[in-house]
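The values are calculated or read from the model by the stated rules, or taken from the named source; none is laboratory data. Every value quoted in this text rests on a predicted model; they were computed, and no experiment measured them. In this analysis, Cβ positions are derived from the backbone assuming ideal geometry, glycine residues included, and neighbour counts consider all displayed protein chains.
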Amino acid sequence: MVEYIRAEAKPPDKFSHQPRLYQLATRLAEDRPYDDDVLYAAAWMHDLGVFIGHRPEDPTALAAWDHVTYAACEVPPILRQLGFHEGKIAAAIEAIRTHLPARKPTSFEGTLLRDADILEQLGAIAVLRTVSKVGRDTRFVRYADAVRVLRRNMEELPAQLELASARRLASPRVETLKAFLAAAEAEADGNEL
């Protein structure tokens, strides 16, 4: 699975999100039991539809693209081909289906994945992931677009975390993001970013 995603992750910097996400999700579980196979598959496969070669290249089609629906359709046969346990595919897909902040997970694995993915949108990693999209993602034409998304994430996402373990980890990440945004605005000195 790792090698499959390593080959498909384009641009290549998209690959680093999956191992961090899986590790973070397992950390969030603390001592609670979860199905590691389901969490592992969901963490590694959840963003298949955001990779170049899997998503549309046309800006209009890309603006309307639903990478979660794409993954829900494309991931099951890939998991089968990789020899993943057939009886766990539906649970992995359900975790993928509910990993976005606007969705409500139906399993503990889904909650782990969703909270971990929200944490990846806060803090220093969030800055790196977001700013790297400027100029190569139709949503991020200028740095001001990245700053706007980072600010919205800082203001809205922490309240959407379900796990106490995730809320504890969010606090320093929010402070990091807050400091970055304040510094960027101060250095811009009233000029557009």
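Points worth noting:
- Contact map, the stretch 24-36: first residue in the same structural domain as residue 168 (by TED's automatic domain parsing) and surrounded by fewer than 13 Cβ atoms within 10 Å (Cβ to Cβ), second residue in a helix (DSSP H, G or I) and of a type in the set (S, T, N, Q), Cβ cut-off under 9 Å, separation 6 or more or different chains; the map is empty.
- Of residues in the stretch 126-143 being under 17 Å from residue 182 (Cα atoms), surrounded by 14 or more Cβ atoms within 10 Å (Cβ to Cβ) and not hydroxyl-bearing (Ser, Thr, Tyr), the one modelled with the lowest pLDDT: 131
- Once the stretch 57-74 is narrowed to residues that are within 19 Å of residue 96 (Cβ to Cβ) and of a type outside the set (Gly, Ala, Ser), the residue that is surrounded by the most Cβ atoms within 10 Å (Cβ to Cβ) is 68.
- Qualifying residue in the stretch 41-53 (condition: over 23 Å from residue 156 (Cα atoms), modelled with pLDDT of 95 or more, outside any helix (DSSP H, G or I) and touching a Phe, Trp or Tyr at 6+ places or on another chain (Cβ under 7 Å)): no
- Filtered by the rule that a residue be part of a loop (DSSP other than H, G, I, E, B) and within 18 Å of residue 17 (Cβ to Cβ), the stretch 66-98 gives a lone residue, 98.
- Within the set 41, 9, the sole residue that is hydrophobic (A, V, I, L, M, F, W, C), over 26 Å from residue 131 (Cα atoms) and more than 11 Å from the chain's Cα centre (by Cα) turns out to be 41.
- Unmet requirement for residue 99, which otherwise passes all of (1) over 21 Å from residue 126 (Cα atoms); (2) crowded, with 17+ Cβ neighbours inside 10 Å; (3) touching a His at 6+ places or on another chain (Cβ under 8 Å): (1)
- Per-region count, the stretch 146-183, residues within 30 Å of residue 59 (Cβ to Cβ) and either among the polar types (S, T, N, Q) or buried (at least 18 other Cβ atoms within 10 Å of the Cβ) (or both): 9
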